[in-house]
């Protein structure tokens, strides 16, 4: 029985470790059997480890009374920034994580603020290495009265493909029409805090559109995301609540 359970856990990538800096960690297998580790750092900040490479998503050292000690982490090979808001773009942390080899990928507004690096706009695709590619996708508000927070065409979400494992990092978005074009997602990070992103109900509708195998609600602040599994009951989506307040 133990062997059967272990095999099932390996198939769905359900391995959670809490030993690395007290950050929750989920492990997944790529098509060739390599391990991808995803560390839930804070709010919209995600650390990904794969095959000796370090990938940082929207790294921020401080948000309110929460902090992330990036000095204890390796320099990044790739850093992805979705947009310029302070809970996503933190210039001192970008500099801290950067080395000569680091590729920093941002939207144009962040490039303008930072003064250099690679700008991607919605629809752009880039090959980062032999087995890692990235695509920038739209992220914006649609609710009347909220459009100013994330105007259409300015900010990015990203689809990161690591050795066949497709990861959708939505950035700050609502349940937009373009989600219908996002297919074959293994892991999705969807935001949940109105007025800036989605309500739990909007998030559930977005998840039903994308149909990821695994869903991480993130960027949720004080929003009660505990209702999301019940909203997606019967959808065959593995909802994982981590500390992305």
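The values are calculated or read from the model by the stated rules, or taken from the named source; none is laboratory data. Note that this is a predicted model, so its numbers are computed, not measured. Cβ: placed from backbone, ideal geometry, glycine included. Neighbour counts: every protein chain shown.
Yes or no, residue by residue, for (1) under 16 Å from the mean Cα position of the chain (by Cα); (2) at pLDDT below 95:
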| residue | (1), (2) |
| --- | --- |
| 46 | yes, no |
| 50 | yes, no |
| 58 | yes, no |
| 61 | no, no |
| 66 | no, yes |
| 75 | no, no |
| 84 | yes, yes |
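Taking the stated definitions as given, is residue 153 out of contact with any helix residue (DSSP H, G or I) (no Cβ under 8 Å at 6 or more places or on another chain), in a loop (DSSP other than H, G, I, E, B), in contact (Cβ under 8 Å) with a residue 24 or more places away in the chain and on the phi > 0 side of the Ramachandran plot? Here the answer is yes, as residue 153 does meet what is asked. Looking across the range 199-231 at every residue that is in a loop (DSSP other than H, G, I, E, B) and touching a strand residue (DSSP E or B) at 6+ places or on another chain (Cβ under 6 Å), the one that is surrounded by the most Cβ atoms within 10 Å (Cβ to Cβ) is identified as 219.
Conditions tested, residue by residue: (1) within 19 Å of residue 39 (Cα to Cα); (2) not in a loop (DSSP other than H, G, I, E, B).
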position	(1), (2)
74	yes, no
83	no, no
96	yes, yes
101	no, no
116	no, no
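When the test is whether a residue is surrounded by 21 or more Cβ atoms within 10 Å (Cβ to Cβ) and part of a loop (DSSP other than H, G, I, E, B), residue 171 passes it. Taking the criterion of being crowded, with 20+ Cβ neighbours inside 10 Å and more than 26 Å from residue 127 (Cβ to Cβ), the residues of the range 61-84 that qualify are 68, 70.
What tally of residues in the range 62-82 results from selecting those that are without any contact (Cβ under 8 Å) to a residue 60 or more places away in the chain and more than 19 Å from residue 169 (Cα to Cα)? Final tally of qualifying residues: 13. Of the set (1) surrounded by 23 or more Cβ atoms within 10 Å (Cβ to Cβ); (2) not in a helix (DSSP H, G or I), all apply to residue 128 but (1). Scanning the range 32-60 for residues that are in contact (Cβ under 8 Å) with a residue 24 or more places away in the chain and loosely packed, with under 14 Cβ neighbours inside 10 Å yields a single hit, 32.
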